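Taking it in order: structure first as structure tokens, then the write-up.
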Amino acid sequence: MTDTNLNLDVALGVTIPARHARGRAVRLGPAIDEILANHAYPPVIETLLAEALALTALLGSLLKDGGGQMTLQAQTENGIVDLLVCDYLNGELRGYVRYDSERLAEAGPTPSLFALFGKGYLAITFDQASTKERYQGIVPLEGESLALAAQSYFTQSEQIPSIVRLAAAKSDDGWTASGIIFQHLPEGEEGRERIHTKLDHPEWGHVAVLAGSIKDGELLDRVLPLDELVWRPFHEEAEVRILPAVPLSRGCRCDPSYVRSVIARFPVEERARMVGDDGFIRVDCAFCATDFPIALDEIEP
Ligand SMILES: [Zn+2]
């Protein structure tokens with residue numbers, strides 16, 4: 001055993017070779033608190049973003065190579081929430097939500113996913129670092145929850161039978177957001193090419209029932225390590241392989257030195273036009289809900 005934290009801010013992979021299934025489990029705590037701290041979102045939006053971040057961590061941890069990026073974007077036509085963006089890079093997560101606060105207030109304390117998004121779409125983009133390949137799939141945002149929308153993304157867009165569960169709640173300890181995904185892989189092993197998948201595969205039905213038996217209370221139980229969480233329903237299987245854990249944290253790429261390097265690529269005259277009334281170039285980061293004042297003389301000529 002290692003002493004890696006398997007309780008909070010961590011993703012864990014699992015395979016069940018005899019059942020041709022793989023899974024991922026994540027549980028986020030302090031990372032969610034840090035991300036939400038920069039925004040003053042109402043509880044409904046905080047819960048939505050916390051779940052979306054758990055989903056982002058689940059999907060990001062499916063990336064085969066370390067430097068790959070996964071982006072989750074929900075966009076709507078005239079929904080209360082008009083944009084939700086989260087991404088994952090090297091175990092770092094960030095996200096934000098754009099919404100109409102007046103219409104949200106009118107929607108009551110527990111609006112459904114449909115009430116929040118109306119007619120919306122969920123786009124999931126994987127950028128593999130090693131191969132520079134980009135894969136994007138888009139599905140309608142329907143169903144009662146983000147988890148069901150993600151499930152239909154895999155089932156419809158990818159033809160991979162999948163079960164996705166998400167839960168998020170705030171307690172005296174702060175936020176906890178957690179999720180599991182289990183998927184049927186006809187070849188059994190990760191990394192091999194998918195040839196053909198039957199949605200009604202009997203082995204898959206068994207895995208789906210057991211994975212579906214994991215309760216929200218277990219997902220959100222901060223003292224239950226993830227290896228135990230995923231092992232519990234499958235303890236009668238001949239073999240359950242636990243993959244190395246991936247630590248998760250809040251992370252943004254909007255650091256001022258990077259921003260200065262981006263501005264430095266613009267011609268000098270254009271840089272001058274970017275300067276605002278206060279004498280600074282203001283660069284917004286929607287993820288951090290902050291803007292960075294950059295002075296012209298900070299930029300490399
Ligand atoms: Zn940022």
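The values are calculated or read from the model by the stated rules, or taken from the named source; none is laboratory data. Everything quoted here is computed from the prediction, not taken from an experiment. Cβ atoms come from the backbone with ideal geometry, glycine included; neighbour counts cover every protein chain shown. The area values use the complete protein model at the heavy-atom level, side chains included, leaving out ligands, DNA and RNA. Shrake-Rupley method; radii C 1.70, N 1.55, O 1.52, S 1.80 Å.
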(request) Report yes if some residue within the range 251-263 is within 16 Å of the ligand (Cβ to nearest atom), charged (D, E, K, R) and not in a loop (DSSP other than H, G, I, E, B); otherwise report no. (result) yes
(request) State which residue is farthest from residue 88 (Cα to Cα) when the search covers only the range 264-288 and only residues that are within 16 Å of the ligand (Cβ to nearest atom) and touching a residue at least 24 places away in the same chain (Cβ under 8 Å). (result) 283
(message) Regarding the range 213-226, can at least one residue be identified that is of a type in the set (Gly, Ala, Ser) and under 30 Å from residue 180 (Cβ atoms)?
(response) yes
(message) Please go through the range 289-301 and give me each residue that is farther than 30 Å from residue 50 by Cα and either of a type in the set (D, E, K, R) or within 9 Å of the ligand (Cβ to nearest atom) (or both), ordered by number.
(response) 297, 298, 300
(message) Would you confirm whether or not the range 204-225 contains a residue that is at pLDDT below 90 and open to solvent by less than 50 Å² (accessible area, probe 1.4 Å)?
(response) yes
(message) Looking only at the range 243-262, filter to residues that are touching a helix residue (DSSP H, G or I) at 6+ places or on another chain (Cβ under 6 Å) and not charged (D, E, K, R); which one of those is surrounded by the most Cβ atoms within 10 Å (Cβ to Cβ)?
(response) 248
(request) Being open to solvent by less than 40 Å² (accessible area, probe 1.4 Å), away from the ligand (no atom under 16 Å from the Cβ), touching a Lys or Arg at 6+ places or on another chain (Cβ under 7 Å) and at pLDDT 95 or above narrows it down to one of 62, 58, so name that one. (result) 58
(request) State all residues of the range 152-183 that are of a type in the set (S, T, N, Q) and modelled with pLDDT of 90 or more; if no residue qualifies, say none. (result) 162, 171, 176, 178, 183
